[in-house]
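Notes to accompany the following structure.
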Amino acid sequence: MKKVMITGASSGIGYATAHRMAADGWCVCVSARRESLLLKLLEELPGEGHLSFAGDMTDPLSAEKMAEMMRLHWGELDAVIHCAGICESAPVVASNLSEWRRPLDAMIMGAVFLMRAMVPLLKHGGRIIMITSIHGERVEVNLSAYAMAKSALNQYCKALALELSPDNILVNAIAPGFVDTPMSVVNGVNELDGDWFRMNYVEGHHLPLKRAGKPEEIAGVAAFLAGPDASYLTGQIITVDGGLTITF
């Protein structure tokens, strides 16, 4: 049975991806910071042999401990799907520097620590999939650090794809647009339910499919990239945004 490690699995895209991979017959190791949510998720997943690890991937020791746990229980991995991320608003200049750089530290260095711990466990022909964002090429006011982190993750995927190709480890990223997840809730309000989204993207012309995506739709792309039909695909950023980035 194939084995996959998924970060950010307690909610949103990571949660949906854990369900999809387990339904497809994979053994899943789910990771996030909140242990109670991980334990609840384990009870929901079909199949057997699943694992969980509660930890913060910004801590290199946490990633190493998780790798040791999987080495002990599984021995090796077939895939890593890195969904963990944070989105915090901060002005590009008029903000506390430590506050502004939190998304950079969490997402870039978190990915670096994770990959250094996980790659030695990956089989020849393994897969790495990172959830980035269309913000890797687009910018919103007060989200400069978030956009820079996602852009850096895209480049990191390409660098990994090149350097890991001798072991036939394929590395790709998925760049979602609007997806209805807990990250869409700002100050207790889901931005996808508001007038701003309706006027610009449902009634307006900026989003051809006229709706936000579902986490399960991103999980489906991750399942494809982890599967046999993606055997000649590496170093790519797959945009999944309902057509948002093709419009003016």
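The values are calculated or read from the model by the stated rules, or taken from the named source; none is laboratory data. Everything quoted here is computed from the prediction, not taken from an experiment. Because the Cβ atoms are built from the backbone with ideal geometry, glycine has one as well, and the counts that use them run over all protein chains shown. When the accessible area is computed, the model is the full protein with side chains, heavy atoms only, and any ligands, DNA or RNA have been set aside. Shrake-Rupley method; radii C 1.70, N 1.55, O 1.52, S 1.80 Å.
Summary table below
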{"item": "Number of the exception - Met5 against (1) part of a helix (DSSP H, G or I); (2) of a type outside the set (Phe, Trp, Tyr); (3) open to solvent by less than 60 Å² (accessible area, probe 1.4 Å)", "result": "(1)"}
{"item": "Residue match in segment 70-83 (condition: aliphatic (A, V, I, L, M), buried (at least 17 other Cβ atoms within 10 Å of the Cβ), touching an Asp or Glu at 6+ places or on another chain (Cβ under 9 Å) and in contact (Cβ under 8 Å) with a residue 24 or more places away in the chain)", "result": "yes"}
{"item": "Failed item, numbered, when Met109 is tested on (1) under 19 Å from Lys150 (Cα atoms); (2) in a loop (DSSP other than H, G, I, E, B); (3) open to solvent by 70 Å² or more (accessible area, probe 1.4 Å)", "result": "(2)"}
{"item": "When residues of segment 181-192 are limited to those that are touching an Asp or Glu at 6+ places or on another chain (Cβ under 9 Å) and not hydrophobic (A, V, I, L, M, F, W, C), the one surrounded by the most Cβ atoms within 10 Å (Cβ to Cβ)", "result": "Ser184"}
{"item": "Test result for Glu44, surrounded by fewer than 23 Cβ atoms within 10 Å (Cβ to Cβ) and under 17 Å from the mean Cα position of the chain (by Cα)", "result": "no"}
{"item": "Condition met for Gly242 (open to solvent by less than 50 Å² (accessible area, probe 1.4 Å), touching a helix residue (DSSP H, G or I) at 6+ places or on another chain (Cβ under 8 Å) and at pLDDT 95 or above)", "result": "no"}
{"item": "Filter result (part of a helix (DSSP H, G or I) and not small (Gly, Ala, Ser)) within segment 164-181", "result": "Leu164, Pro166, Asp167"}
{"item": "Segment 19-45: number of residues that are outside any helix (DSSP H, G or I), aliphatic (A, V, I, L, M) and free of Cβ contacts under 8 Å to residues at least 40 places away in the same chain", "result": "3"}
{"item": "Sole residue being closer than 22 Å to Ala18 by Cβ, outside any loop (DSSP other than H, G, I, E, B) and touching a His at 6+ places or on another chain (Cβ under 8 Å), chosen from Leu153, Leu72, Leu114", "result": "Leu114"}
{"item": "Residue check for Ala22: out of contact with any helix residue (DSSP H, G or I) (no Cβ under 7 Å at 6 or more places or on another chain) and either farther than 29 Å from Lys214 by Cα or open to solvent by less than 30 Å² (accessible area, probe 1.4 Å) (or both)", "result": "yes"}
{"item": "Scan of segment 91-106 for residues that are in contact with a helix residue (DSSP H, G or I) (Cβ under 8 Å, 6 or more places away or on another chain) and not in a helix (DSSP H, G or I), ordered by number", "result": "Pro91, Val92, Arg101"}
{"item": "Hey, Ala16 in contact (Cβ under 8 Å) with a residue 40 or more places away in the chain, more than 30 Å from Ala212 (Cα to Cα) and assigned to a helix (DSSP H, G or I) or not", "result": "no"}
{"item": "Val240 vs. criteria touching an Asp or Glu at 6+ places or on another chain (Cβ under 8 Å), closer than 25 Å to Val171 by Cβ and aliphatic (A, V, I, L, M)", "result": "yes"}
{"item": "Hey, Leu170 buried (at least 21 other Cβ atoms within 10 Å of the Cβ), in contact with a Lys or Arg (Cβ under 6 Å, 6 or more places away or on another chain), under 30 Å from Trp74 (Cα atoms) and of a type in the set (A, V, I, L, M, F, W, C) or not", "result": "yes"}
{"item": "Neighbours by Cβ (under 8 Å, 6+ apart or cross-chain): first from segment 118-134, over 17 Å from Ala63 (Cα atoms); second buried (at least 24 other Cβ atoms within 10 Å of the Cβ) and among the charged types (D, E, K, R)", "result": "Thr132/Lys150; Ser133/Lys150"}
